[in-house]
Amino acid sequence: MPTHPLLDVASVERLEPYLEGVGHIFRAFREQDSGCVSYGVAVGGERWFVKSAATPTGATSLGRALGVHGAVQHPAIVPLRHHFKIQGGLALIYPWVDGEVLYHPTVSRHGGRSDPTSPMALFRNLPVADILRSLNAILDAHLAVEQAGFVAVDLYDGCLLYDFEAQRMALCDLDEYRPGPFILEADRLPGSRRFMAPEEFSKGSTIDIRTTVFVLGRVLRLLLDAGDDERKWRGSSSQLKVIERATASDPADRFASVEALVQAWRGACSGRC
Ligand SMILES: Nc1ncnc2c1ncn2[C@@H]1O[C@H](COP(=O)(O)OP(=O)(O)O)[C@@H](O)[C@H]1O
Ligand SMILES: [Mg+2]
């Protein structure tokens with residue numbers, strides 16, 4: 001049987017020359033905050049997303065990703081197809097997914113969500129029904145995360161890969177998700193402040209599924225708003241009530257599970273989501 005140069009390889013000395021040898025690098029992500037370097041690679045008629053660790057922090061993160069994808073599969077989560085060793089680290093192979101992340105910070109550039117040509121602003125201009133469909137995909141994927149006993153860490157709009165043509169939402173970069181609950185041993189977790197729960201900034205706190213409920217509440221709040229400063233809510237008041245409960249500062253006041261959040265959200269959408 002013929003072997004596949006990305007899916008059947010166990011280790012590669014130097015990744016970039018290897019990728020150029022077996023195919024063509026059509027896109028490179030070298031400026032990521034994470035310290036990872038990723039490539040869009042065409043091999044034969046297929047396109048792949050190859051993510052590699054260039055730093056110890058990046059390598060730890062990619063190691064975590066193996067655990068996440070081993071435990072969680074969902075049609076909206078870009079599946080990990082293979083991984084192999086590279087000099088000093090790891091490379092992960094995913095199918096290439098068309099679309100754009102709603103927010104793309106790099107080492108040299110942050111912000112820009114309110115720029116009318118940004119993916120986030122374009123997304124926020126879509127018909128409400130399209131946004132509700134995307135939100136539903138994100139929530140549904142997190143039912144699978146919950147069932148696997150994992151909690152969301154570092155979920156933000158940089159994980160939301162939207163194909164404006166196919167109108168399809170996919171989740172990428174779930175590398176920091178962990179089995180939960182766990183105790184926060186650092187001063188804070190990685191992530192975007194706009195999405196994070198208060199306990200993620202408090203050493204010694206418990207990070208559990210209620211933390212995930214909070215972050216999902218923030219996703220709902222920020223995506224279903226026409227602007228970037230939360231003053232142009234596009235949903236109903238009952239949807240907003242669900243979000244208020246999901247994002248209560250005391251975890252005890254939130255929904256106790258993603259499932260409870262999803263039920264409440266679907267109830268508030270009265271069959272429209
Ligand atoms: N499967 C994929 N197909 C196409 N593009 C992707 C895919 N996964 C991620 N990307 C793009 O690559 C960028 C970097 O990937 P990501 O996993 O977020 O890396 P990092 O952890 O370094 O931020 C993302 O912002 C997104 O634009
Ligand atoms: Mg990222």
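The values are calculated or read from the model by the stated rules, or taken from the named source; none is laboratory data. Not measured: the values here are computed from a predicted model. So basically every Cβ, Gly included, is an ideal-geometry build from the backbone, and we count neighbours across all protein chains shown.
Details
- Scanning the range 207-228 for residues that are in contact (Cβ under 8 Å) with a residue 60 or more places away in the chain, out of contact with any Leu (no Cβ under 9 Å at 6 or more places or on another chain) and surrounded by fewer than 23 Cβ atoms within 10 Å (Cβ to Cβ) gives 222, 225, 226, 227.
- In the set 50, 22, only one residue is hydrophobic (A, V, I, L, M, F, W, C), without any contact (Cβ under 8 Å) to a residue 60 or more places away in the chain and closer than 16 Å to residue 172 by Cα; that residue is 50.
Residues are listed down the side, and each one gets a yes or a no for (1) in a helix (DSSP H, G or I); (2) under 19 Å from residue 149 (Cα atoms); (3) assigned by TED's automatic domain parsing to the domain that holds residue 151:
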residue	(1), (2), (3)
187	no, no, yes
195	no, no, yes
204	no, no, yes
211	yes, yes, yes
228	no, no, yes
240	yes, no, yes
262	yes, yes, yes
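- Contact map, the range 93-120: residues that are closer than 24 Å to residue 83 by Cα and without any contact (Cβ under 8 Å) to a residue 60 or more places away in the chain paired with residues that are near ligand 1 (Cβ under 10 Å from one of its atoms) and among the β-branched types (Val, Ile, Thr), Cβ distance under 7 Å, separation 6+ or inter-chain. Pairs shown: 95/78.
- Residue 222 being under 24 Å from residue 130 (Cβ atoms), under 18 Å from the mean Cα position of the chain (by Cα) and assigned to a helix (DSSP H, G or I): yes
- Selected residue (criterion: nearest to ligand 1 (Cβ to nearest atom)) from residues of the range 84-105 that are charged (D, E, K, R) and not in a loop (DSSP other than H, G, I, E, B): 100
- Positions within the range 1-52 being within 16 Å of ligand 2 (Cβ to nearest atom) and assigned to a loop (DSSP other than H, G, I, E, B), in sequence order: 30, 31, 32, 33, 34, 35
- Under the condition of being more than 23 Å from residue 142 (Cβ to Cβ), touching a residue at least 12 places away in the same chain (Cβ under 8 Å) and either more than 10 Å from ligand 1 (Cβ to nearest atom) or part of a helix (DSSP H, G or I) (or both), the residues counted in the range 53-83 number 6.
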